[in-house]
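One structure is given below, encoded as structure tokens.
The values are calculated or read from the model by the stated rules, or taken from the named source; none is laboratory data. All figures in this text were calculated on a predicted structure; none of them were measured in a lab. Cβ placement follows ideal geometry from the backbone for every residue including glycine, while neighbour counts extend to all protein chains displayed. For accessibility, only protein heavy atoms count, side chains too; no ligands or nucleic acids. Shrake-Rupley method; radii C 1.70, N 1.55, O 1.52, S 1.80 Å.
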Amino acid sequence: MREYEIKVVDDLSEVSPLEWDKLADDNPTLKHAFLQSMIDAGCTTAKTGWLPQFITLWRDIAGHVVLAGAVPLYMKGHSYGEYVFDWAWAEAYHRAGLQYYPKLLAAVPFTPCSGARMIAATDGDRQLLIQGLLEITAQSEVSSVHVLFPTEADHAALITAGFMPRTSVQFHWQNAGYATFDAFLATMSHDKRKKIKQERKKVTEAGVTFERKTGAEITSADWDFFTRCYNGTYREHHSTPYLNRQFFGLIGAKMPENILLVIAIRDGRPIAASLNLFNQATLFGRYWGTTEFQSGLHFETCYYQTLEFCIERGIQIFEGGAQGEHKLARGFMPVKCHSAHWLKEPRFAQAVEDFLRRETGGIESYVDELSEHQPFKT
């Protein structure tokens with residue numbers, strides 16, 4: 001073997017979970033179990049438009065070939081499930097008589113959570129992964145490559161390598177060392193604090209209670225119910241669910257230490273649920289659904305119960321997911337997130353770069369405006 005070797009694999013069963021997770025640095029959205037479960041459950045396949053093409057970097061260390069880096073890469077046949085929107089770019093390609101799809105995407109499917117995309121222990125290996133990513137893009141019949149929600153280090157290295165930067169906004173909650181949920185509320189302005197108390201009171205007076213389950217506490221019946229809720233949310237939006245019961249069961253079995261399921265109960269039966277992933281430092285709010293309407297139920301199930309969990313566990317950051325200005329009034333502040341893009345066609349690359357430059361100016365103004373309306377006491 002040479003000093004290093006880069007290989008593309010379409011299934012992580014070829015890679016040691018222990019070696020992969022060591023590089024993933026405890027981010028549950030990047031765990032071997034999370035990504036492989038999507039494959040095993042048929043969620044990320046050529047048929048669904050998410051063909052895995054994981055880049056892996058291997059080194060020979062003292063006669064042992066070890067995994068030194070990786071990129072969670074997919075060949076995409078559409079732009080669904082990404083949360084960074086490029087439909088207008090695809091339409092422009094189409095009008096010019098060019099094919100925008102397939103494209104390459106370095107991201108966690110259906111998950112707008114930040115994390116390493118050039119998963120490596122050293123800057124040198126990160127550079128090798130970027131070089132390999134560009135070479136594979138150049139050699140493949142694709143229009144472009146896109147890297148979504150990378151770390152600051154990844155993003156800086158990608159821009160240096162010639163990728164175009166793009167900025168978007170999410171809403172994250174930060175734990176200031178709150179002892180209780182009431183201590184958190186005490187930092188908010190009077191009107192915001194009053195509104196949250198009223199929302200919680202409505203749910204309580206409606207006879208709704210909650211269970212926060214982690215790990216082995218989550219039963220097969222709980223996963224059945226959550227899947228029903230999840231599917232219902234997509235039906236309400238006239239969309240097709242990305243994930244399925246098999247996937248939820250697999251992650252429940254393979255990575256229970258990273259899962260929080262919040263279940264709302266009324267009259268002895270479950271009526272709503274939210275699924276979250278977490279580690280010691282960060283909680284990632286993911287999916288929710290309900291079988292019946294109750295005013296305030298969404299906020300309680302997805303935010304307030306989960307905030308209490310973060311406070312109890314000392315978790316520092318709660319990533320609330322994509323979009324959602326309504327989160328601002330509930331203590332989530334705007335945070336700029338990044339993506340990086342490289343297009344083969346020079347004419348379109350220039351046009352997109354001009355667009356991104358204008359868009360970035362608008363994002364900066366948007367964040368400034370939101371920050372002026374922060375919910376906390378000044």
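For the chain, what does -39500 (n - 2.57) per DSSP helix run (n ≥ 4), summed and divided by total residues, give at 222 nm, in deg cm²/dmol to the nearest 500?
-11500 deg cm²/dmol
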Filtered hits (lysines, Cα-Cα < 26 Å from LYS336, offset >= 8 within chain) -> LYS31, LYS76, LYS103, LYS192, LYS327, LYS377
For the range 264-323, percent of DSSP beta bridges that are antiparallel (nearest 5) comes out at 75 percent
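Given a 1.4 Å probe, how much area per residue of the range 47-143 is accessible, in Å²? Let's see the in-between values first.
Numbers: 3860 Å² over 97 residues.
With the other protein chains kept in place, the range 47-143 gives 40 Å² per residue.
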With all protein chains in place and a 1.4 Å probe, VAL15 shows an accessible area in Å² (nearest 10) of 10 Å²
Here the gain from full extension of GLN350 to SER140, 0.36 nm per residue of separation minus their alpha-carbon distance, amounts to 73.5 nm
Of the accessible area of the range 314-378, computed with a 1.4 Å probe and all protein chains kept, carbon and sulfur make up a percent value of 53 percent
Inter-part gap, Cα centre of the range 274-290 to Cα centre of the range 207-237, in whole angstrom, is 12 Å
With a Förster distance of 25 angstrom and the Cβ-Cβ distance between ILE317 and ALA156, calculated FRET efficiency to the nearest 0.05 equals 0.75
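Using only the heavy atoms of the protein chains and a 1.4 Å probe, how would ARG126, ARG357, ARG269, ARG330 rank by accessible area, largest first?
ARG357, ARG269, ARG126, ARG330
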Heavy-atom accessible area of GLU312, protein chains in place, probe 1.4 angstrom, given in Å² to nearest 10, is 130 Å²
Carbon and sulfur atoms account, in whole percent of the 1.4 Å probe accessible area of the range 178-272, for 52 percent
Straight-line reach check, LYS213, cutoff 16 Å on alpha carbons, 8 or more apart in-chain or any other chain, hits among aspartates and glutamates -> ASP222, ASP224, GLU257, GLU300, GLU308, GLU312
Over all directions, the range 1-76 yields a Cα convex hull whose mean projected area in nm² is 5.1 nm²
In debye to the nearest 20, the charge dipole size for the range 154-263, taken about the Cα centre with +1 at each Lys and Arg Cβ and -1 at each Asp and Glu Cβ, equals 400 debye
Per the rule of 0.36 nm per residue minus the C-alpha distance, extending ARG266 to ASN279 adds in nm 1.7 nm
Neighbours of GLU205 by Cβ distance under 15 Å: Lys/Arg at +1, Asp/Glu at -1, summed charge +2
A correct Stokes-Einstein calculation for the range 122-193, using the alpha-carbon Kirkwood radius, 4 °C and 1.567 mPa s, returns a whole-number D in µm² s⁻¹ of 81 µm²/s
Over the range 248-287, with neighbouring protein chains present, the accessible area per residue in Å² at probe 1.4 Å is 30 Å²
The alpha-carbon center of the range 323-378 and that of the range 137-194 are separated, in whole Å, by 10 Å
Taking only protein heavy atoms and a 1.4 Å probe, the highest-to-lowest accessible-area order of HIS373, HIS326 is HIS373, HIS326
Length-normalised contact order of the chain, Cα under 8 Å, at least 6 apart, in percent, tallies to 19 percent
With all protein chains present, the range 1-111 has a carbon and sulfur share of its accessible area (1.4 Å probe) in percent of 54 percent
The FRET efficiency for GLU205 and ALA62, from their Cβ-Cβ distance with R0 = 51 Å and rounded to 0.05, is 0.20
